[in-house]
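Q: Okay, handing you the structure first.
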Amino acid sequence: MIRFLTAGESHGPMLTAILEGMPAGLPLSADDINEQLARRQVGYGSGGRMHIEKDGVRIVGGVMNGMTTGGPIALIVENRDFKNWQERDITPMTTPRPGHADLTGAVKYGYRELRLGLERSSARETTMRVAVGAICRRFLAEFGVRVGGYVVQIGAVETRINDGDDFEALYTAAESNDVRCPHPAIADQMHQAIRQAKIDKDTLGGVFEIFALGVPPGLGSHVHWDRRLDARIVGALVSIQAMKGAEIGRAFENAGLPGSQVHDMIDKGANGDLTRRTNRAGGLEGGITTGDPIITRVAMKPISTMLRGADSVNLATGEPESTTYERSDFCAVPRAVPVGEAMLSIVLADELMSKLGGDSIDEMRPRFEALRGNRLSDLPMDNSEWRFGYV
Ligand code: EPS
């Protein structure tokens with residue numbers, strides 16, 4: 001239902017995006033988007049580029065007088081760094097950085113200069129994902145869905161989120177420091193770890209969690225591989241530059257425990273409400289939302305551009321050579337959180353659109369109110385014997 005495309009290079013004149021499928025009647029301002037773009041630019045471990053850019057969006061289609069029209073939404077963010085690159089003579093880049101798309105991109109596209117691959121593979125593109133995600137986030141907010149995230153690991157420094165912790169509080173605490181970790185003492189250690197990586201001319205990866213609250217039960221489906229929402233979410237998160245893994249809940253930890261310690265037991269509460277005692281499933285069972293918070297964890301590899309260089313081969317001379325360093329981030333995990341939030345928002349907005357249908361927010365509202373819930377009264381059972389057959 002919702003599709004988006006981005007275009008543009010890291011040091012080109014601008015980045016653009018088109019978002020198709022947003023209903024009419026959604027209040028939307030550039031500030032809604034700029035607020036999220038600003039979050040993406042803040043985080044300890046950034047290189048010099050973030051001092052140059054101050055990302056601000058121009059909405060040039062699909063929104064009139066502060067309201068979506070139902071037409072495709074067109075967005076532009078200018079690259080301030082472009083003026084430093086325009087008409088500049090470029091030293092050839094022929095030694096691929098291990099871990100980057102330099103060598104794979106050259107093999108795939110036959111580039112004779114590695115910068116051609118770098119320019120588009122760069123995480124600069126995440127600016128537009130965050131812009132598109134901000135619109136989807138605004139749409140989700142109309143239905144009470146809230147998406148957030150925080151960092152739980154940088155390098156070897158790790159913190160633990162406990163079952164039952166208040167996600168809103170974790171989010172607020174994380175936004176108050178420059179590594180986006182909700183626990184201040186651990187945040188200090190993470191800050192130190194990044195500082196040490198800078199001294200060592202090295203880089204660090206990490207893990208962050210992205211959650212969604214207020215998601216109604218019944219989004220996604222068990223009937224086909226590409227409709228399973230857990231698969232769509234993991235795919236969307238791992239599509240972010242430098243992400244190498246994602247899990248729903250604590251999937252890998254759960255894999256080592258017996259079922260009796262993993263599955264979320266179901267209770268009947270007041271008024272016939274059905275509740276799960278825990279949320280180890282991370283808000284998804286059978287590829288369908290349970291109505292409990294969606295919890296995902298994403299693993300980011302360390303940035304592959306390292307000040308100390310890395311062993312490689314100069315493709316022009318055929319000789320072994322260390323990679324050269326221009327400028328890069330030392331750790332981008334804190335800044336990846338808003339990008340993860342954007343991708344989860346995009347997938348959830350798409351699922352909510354397909355569940356509700358409709359061309360305008362007004363049309364969707366009563367359909368949202370009528371959704372089946374986790375209530376005995378919503379789930380009448382036949383409770384009589386029946387014959388299994390196909391005719
Ligand atoms: C990136 C390299 C750096 C990062 C960039 C991603 O850019 P530059 O080569 O201009 O120093 O800062 O990220 C951004 C520009 C951004 O907006 O996040 C890379 O090669 O992936």
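The values are calculated or read from the model by the stated rules, or taken from the named source; none is laboratory data. Because the structure is a prediction, the values reported are computed rather than measured. Methodologically, a virtual Cβ is constructed for each residue, glycine included, from the backbone with ideal geometry; neighbour enumeration extends over all protein chains shown. SASA here: full protein model, heavy atoms, side chains in, ligands and nucleic acids out. Shrake-Rupley method; radii C 1.70, N 1.55, O 1.52, S 1.80 Å.
Q: Quick one: which of 127-136, 323-332 comes out on top by average Cβ neighbours within 10 Å, and what's the full order, highest first?
A: 127-136, 323-332
Q: Could I ask something else about it? Under the classification rounded if a/c is under 1.5, otherwise prolate if a/b is larger than b/c and oblate if not, where does the chain fall, given a ≥ b ≥ c as square roots of the Cα gyration tensor eigenvalues? Can you show the working numbers first?
A: Numbers: a/c = 1.95, a/b = 1.53, b/c = 1.27.
Taking the square roots of the gyration eigenvalues as a ≥ b ≥ c, the chain is prolate.
Q: Volume per residue, Å³, of the convex hull around the alpha-carbon atoms of the stretch 1-128?
A: Once divided by residue count, the hull of the stretch 1-128 is 139 Å³.
Q: Sticking with this structure for a sec: Roughly how many percent of the accessible protein surface of the stretch 3-378 is carbon and sulfur, given a 1.4 Å probe and a whole-percent answer? List each step's numbers first, then the result.
A: Working: 9290 of 17570 Å².
Answer for the stretch 3-378: carbon and sulfur cover 53 percent of the accessible area.
Q: Still on this model: Within the stretch 174-210, list the residues whose amide N lies under 12 Å from a label point set 7 Å along Cα→Cβ of Ala156.
A: Once the point is set 7 Å along Cα→Cβ of Ala156, 193 turn out to lie under 12 Å by backbone N, inside the stretch 174-210.
Q: Moving on to the next point. Tabulate in residue order the Karplus-calculated ³J(HN,Hα) for the stretch 30-43, using 6.51 cos²θ - 1.76 cosθ + 1.60 with θ = phi - 60°, rounded to whole Hz; enter x for Gly and Pro.
A: 4, 4, 4, 7, 4, 4, 6, 4, 5, 4, 5, 8, 10, x
Q: What is the helix-to-structure angle for 126-141, meaning the angle in degrees between its Cα long axis and the longest Cα principal axis of the chain, kept from 0 to 90 and rounded to the nearest 10?
A: 20
Q: If the chain between His51 and Ser260 were fully stretched, how many nm would it gain, using 0.36 nm times the residue separation less the Cα-Cα distance?
A: 70.1 nm
Q: Let me know the charge dipole size of the chain about its Cα centre in debye, to the nearest 20, where only the beta-carbon of Lys, Arg (+1) and Asp, Glu (-1) is charged.
A: That gives the chain a dipole magnitude of about 420 debye.
Q: For Asn65 and Ser322, compute 0.36 nm times the residue count separating them, minus their Cα-Cα distance, and round to one decimal in nm.
A: 87.1 nm
Q: Okay, next question. Enter the accessible area per residue of the chain (Å², integer; probe 1.4 Å; all protein chains in place).
A: Counting only protein heavy atoms, the per-residue value for the chain is 50 Å².
Q: Right, something else. Once the other residues with Cβ under 12 Å from the Cβ of Gly206 are scored (Lys, Arg +1; Asp, Glu -1), what is the net sum?
A: +3
Q: Glu175 versus Glu369, label points 7 Å from Cα toward the beta carbon: distance in nm?
A: About 3.0 nm, to one decimal.
Q: Let me ask something additional. Would you grab the residues whose amide H sits under 5 Å from the one on Met14? Only those 5+ places off in sequence or on another chain, please, with H modelled 1.01 Å from N.
A: Glu9, Asn79
Q: Another question about this same structure. Could you work out the Rg to Rh ratio of the stretch 281-391, with Rh taken as the Kirkwood radius (inverse of the mean 1/r over all Cα pairs)? Numbers along the way, then the final one.
A: Values: Rg = 25.4 Å, Rh = 20.1 Å.
Over the Cα atoms of the stretch 281-391, Rg/Rh equals 1.26.
Q: In nm, what is the difference between 0.36 nm times the number of residues separating Asp382 and Lys108 and their Cα-Cα distance?
A: Net length gain for the segment: 92.9 nm.
Q: May I ask you to derive the FRET efficiency for Thr91 and Asp166 from their Cβ-Cβ distance with R0 = 56 Å, giving the value to the nearest 0.05?
A: Rounded to the nearest 0.05, the efficiency is 0.60.
Q: Of the cross-linked pairs Lys54/Lys301; Lys201/Lys244; Lys54/Lys198; Lys301/Lys355; Lys108/Lys355, which ones have a Cα-Cα span greater than 31 Å in the structure shown?
A: Those over the limit are Lys301/Lys355; Lys108/Lys355.
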